[in-house]
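Notes follow once the structure below has been shown.
The values are calculated or read from the model by the stated rules, or taken from the named source; none is laboratory data. Just so it is clear, the model here is predicted, and its values are computed rather than measured. Backbone-built Cβ (ideal geometry, glycine too); neighbour counts: all protein chains shown. In case anyone asks, the SASA skips ligands and DNA or RNA and just uses the protein heavy atoms, side chains included. Shrake-Rupley method; radii C 1.70, N 1.55, O 1.52, S 1.80 Å.
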Amino acid sequence: DGIFVVITIVDSQTGKVRNSPDIISRGFIYLRESQELLRQVRHLIRKTVEEATAKMHPINMDYVKNLLRENIGKFLFQKTKRRPMVLTVLIEV
C-alpha cells in the first residue's frame, strides 16, 4: 500500500517537536490532494512525541519511534483503509 515517511526534529532536552514534521509519501496518497489528512497526522505526531517524552529522562528514542509508527499506522488505516509501510525518523537536536 505504499510508503509513508515521517521526519521529525525533537529537542533532546525538552522532548518538544521543533518545526513542522516533514512527510514523504510514495504510492500511498497524493500529498497535494490530502492536506487535511496531513494536518491531522502532523498534529498526531506532535501529540504522540510530546506526551511520550513528557516524563522520560533521558529520552528513549527507540521507544518513541515505535510508538509513533504504531499510532500513525493505526490512524492512517482508520482514515484510508490502507496500510502503508510507516518509517519514522527522529532527529535529536
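Details
- Interchain or long-range residues, amide H under 5 Å from K16's placed H: D11
- Here the simple spin-label model places points 7 Å from the Cα toward Cβ, and for I3 and N60 these points are separated by 2.8 nm.
- Full extension of the chain segment joining L67 with R39 gains 8.2 nm, where the gain is 0.36 nm per residue of separation less the Cα-Cα distance.
- Mean Cα-pair separation over length for the chain, i.e. relative contact order, pairs under 8 Å, 6 or more apart, %: 43
- Residue by residue, segment 32-44 carries 3J(HN,Hα) couplings of 5, 8, 10, 4, 5, 4, 5, 4, 5, 5, 4, 5, 4 Hz when phi is fed to the Karplus relation 6.51 cos²θ - 1.76 cosθ + 1.60 (θ = phi - 60°); x denotes Gly or Pro.
- Expressed as a whole percent, the accessible area of the chain that falls on carbon and sulfur atoms is 50 (1.4 Å probe).
- Surface exposure of the chain, expressed per residue as accessible area with a 1.4 Å probe, stands at 63 Å².
- Rg/Rh (Cα only; Kirkwood hydrodynamic radius) as it applies to the chain: 0.97
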